[in-house]
């Protein structure tokens, strides 16, 4: 019987993996590797898992920090391959490690691996990646950014109105009209796409 505990520290370009296996109740020395954070790297990662006889079932558990967008490829990989995984809040995970005197990607992946090993009985695996929900999240984030840009332009024009003469103010408003109209159009299109996804 082999149990497998993995920790991944992910960055924009690569991810470091630590693996602890427990064979017939005996903990084996950890193994560490690094892969590119792209489709080619994930293919190599899968081959590496097969080489170490990591099963894609309840006998395995992978722990990774929530990195916003950088861990999405791995999330999708785990979902597609039915590999149980847990996406932890970065602050909560760091708190559980205690005072960390050293920090690098390999060390962090090892800490996450040890976390999986020590806490596997209490960890509830994260649900699989839902691509529609991720798209909806991205649309919502994009909408918020466009709203901030639109409001920033309007606020600047409003502040200038109190000190500018009328011709200068009209010129500024005319020059910014295309930008504001474009932002409004994009926001409406995003909202329409969000409603379509929700339906």
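The values are calculated or read from the model by the stated rules, or taken from the named source; none is laboratory data. Worth saying up front: this structure is predicted, and the values here are computed from it rather than measured. Note that each Cβ is placed from the backbone with ideal geometry, even for glycine, and that neighbours are counted across all protein chains shown.
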Residue count for region 92-122, restricted to those that are modelled with pLDDT under 85 and in contact with a helix residue (DSSP H, G or I) (Cβ under 8 Å, 6 or more places away or on another chain): 4
Residue 165, sole failed condition from (1) surrounded by 13 or more Cβ atoms within 10 Å (Cβ to Cβ); (2) modelled with pLDDT of 90 or more: (1)
Number of the exception - residue 46 against (1) part of a helix (DSSP H, G or I); (2) within 28 Å of residue 132 (Cβ to Cβ); (3) at pLDDT below 90: (3)
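Got at least one residue in region 124-131 being in a helix (DSSP H, G or I) and either under 30 Å from residue 4 (Cα atoms) or modelled with pLDDT under 90 (or both)? Steps first, please.
Here is the first cut: in region 124-131, the ones in a helix (DSSP H, G or I) are 131.
If we keep only those that are either under 30 Å from residue 4 (Cα atoms) or modelled with pLDDT under 90 (or both) too, we end up with 131.
Among the residues of region 124-131, at least one is in a helix (DSSP H, G or I) and either under 30 Å from residue 4 (Cα atoms) or modelled with pLDDT under 90 (or both), which makes the answer yes.
Could you grab me the full set of residues in region 66-87 that are surrounded by fewer than 15 Cβ atoms within 10 Å (Cβ to Cβ) and at pLDDT 90 or above?
Kept after step one, since they are surrounded by fewer than 15 Cβ atoms within 10 Å (Cβ to Cβ), are these residues of region 66-87: 68-69, 80-82.
If the condition is that a residue be surrounded by fewer than 15 Cβ atoms within 10 Å (Cβ to Cβ) and at pLDDT 90 or above, then 80, 81, 82 are the ones that fit.
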Flag if residue 50 is more than 20 Å from residue 125 (Cα to Cα) and in contact with a helix residue (DSSP H, G or I) (Cβ under 8 Å, 6 or more places away or on another chain): no
Region 1-41, residues that are part of a loop (DSSP other than H, G, I, E, B) and either surrounded by 12 or more Cβ atoms within 10 Å (Cβ to Cβ) or within 15 Å of the chain's Cα centre (by Cα) (or both): 11, 12, 13, 28, 30, 37, 38
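Take residue 32 and decide whether it is in contact (Cβ under 8 Å) with a residue 40 or more places away in the chain, touching a strand residue (DSSP E or B) at 6+ places or on another chain (Cβ under 6 Å) and not assigned by TED's automatic domain parsing to the domain that holds residue 138. Break it down stepwise before answering.
Numbers: in contact (Cβ under 8 Å) with a residue 40 or more places away in the chain: yes; touching a strand residue (DSSP E or B) at 6+ places or on another chain (Cβ under 6 Å): yes; not assigned by TED's automatic domain parsing to the domain that holds residue 138: yes.
Yes, satisfied.
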